[in-house]
1. For the stretch 47-99, which residues satisfy the criterion of being part of a loop (DSSP other than H, G, I, E, B), of a type in the set (Gly, Ala, Ser) and open to solvent by less than 10 Å² (accessible area, probe 1.4 Å)?
2. Look through 95, 68 and report the one residue that is over 30 Å from residue 23 (Cβ atoms) and of a type outside the set (Lys, Arg).
3. Determine which single condition residue 37 fails, assuming it passes every other condition in (1) within 19 Å of residue 192 (Cα to Cα); (2) open to solvent by 70 Å² or more (accessible area, probe 1.4 Å).
4. Among the numbered criteria (1) closer than 30 Å to residue 94 by Cα; (2) out of contact with any strand residue (DSSP E or B) (no Cβ under 8 Å at 6 or more places or on another chain); (3) open to solvent by less than 40 Å² (accessible area, probe 1.4 Å), which one does residue 142 miss?
5. List pairs: first in the stretch 15-42 and assigned to a loop (DSSP other than H, G, I, E, B), second surrounded by 13 or more Cβ atoms within 10 Å (Cβ to Cβ) and acidic (Asp, Glu), Cβ under 7 Å, 6+ apart or cross-chain?
Amino acid sequence: MTYFSGFCLKDEECFFKKGMFKNSFFESLPFDISSFSGKFDIVGFSKGAQSALRLASDRLKSGGRVSNLVLISPAFFMDKDSKFKALQLSLFKKNQVSYMQSFLKSAGVSVRKDGTLDTASFFLDSISISSYISLGTYEELEGLLNYGFEKLEYVANNTKIYIFLGGKDRIFDSNKALEFFAKYAIVLYAKDYNHFLIKE
């Protein structure tokens with residue numbers, strides 16, 4: 001499996017495996033992302049979902065194989081206007097750490113001891129995730145906000161796509177995302193779950 005991390009994160013694929021969080025959506029399912037651990041499986045979370053789709057498209061166009069493409073809470077901002085996106089970038093540029101902490105809070109992370117990245121503590125479902133936090137860049141945020149999923153139809157015509165969405169996602173409008181992605185993929189919609197697919 002090739003895995004791509006979300007914005008402000010690193011090596012967090014374990015978040016989507018059974019046994020990590022008691023309130024994870026995957027605890028209620030007969031499978032988790034370990035089921036997509038084959039050599040030709042590609043998985044991405046949030047911003048990483050965009051990178052996963054890009055790799056799947058490139059691999060297929062070059063004659064390569066993709067068994068499954070799994071997109072977890074794929075960052076979807078196609079419904080947002082240029083003013084919204086410009087504001088996000090301006091806020092990030094003003095104070096990267098403050099923006100990152102606010103972003104993670106919206107995603108469902110509890111941030112304690114706000115301040116610098118080194119002094120803050122991060123918790124998800126009462127579990128410390130501080131070691132998985134990484135300061136994102138302006139370029140990453142810009143790419144996240146402006147990604148258009150143009151390659152989705154091509155990939156959908158050539159492999160299986162599974163998409164997980166949380167109904168209480170506060171990073172993007174999951175209902176609009178559901179409407180868009182349902183045309184191309186098998187979508188699992190977790191009504192009472194946040195961006196990390198943790199029940200609230």
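1. Taking the stretch 47-99 and keeping what is part of a loop (DSSP other than H, G, I, E, B), we get 62-67, 73-81, 95.
Then drop every residue that is not of a type in the set (Gly, Ala, Ser), which leaves 62-64, 67, 73, 75.
Correct list: 73, 75.
2. Just a single option satisfies the conditions, and that option is 95.
3. All conditions are met except number (1).
4. If we test residue 142 against (1) closer than 30 Å to residue 94 by Cα; (2) out of contact with any strand residue (DSSP E or B) (no Cβ under 8 Å at 6 or more places or on another chain); (3) open to solvent by less than 40 Å² (accessible area, probe 1.4 Å), just (3) comes out false.
5. Close Cβ pairs (under 7 Å, with a partner that is surrounded by 13 or more Cβ atoms within 10 Å (Cβ to Cβ) and acidic (Asp, Glu)) amount to 17/32; 18/27; 18/32; 21/125; 22/125; 23/125.
The values are calculated or read from the model by the stated rules, or taken from the named source; none is laboratory data. What you see is a predicted model, and the numbers here were worked out from it, not measured in a lab. All Cβ positions, glycine included, derive from the backbone under ideal geometry; neighbour counts span all protein chains shown. We work out accessible area using only protein heavy atoms, side chains counted, and drop any ligands, DNA or RNA first. Shrake-Rupley method; radii C 1.70, N 1.55, O 1.52, S 1.80 Å.
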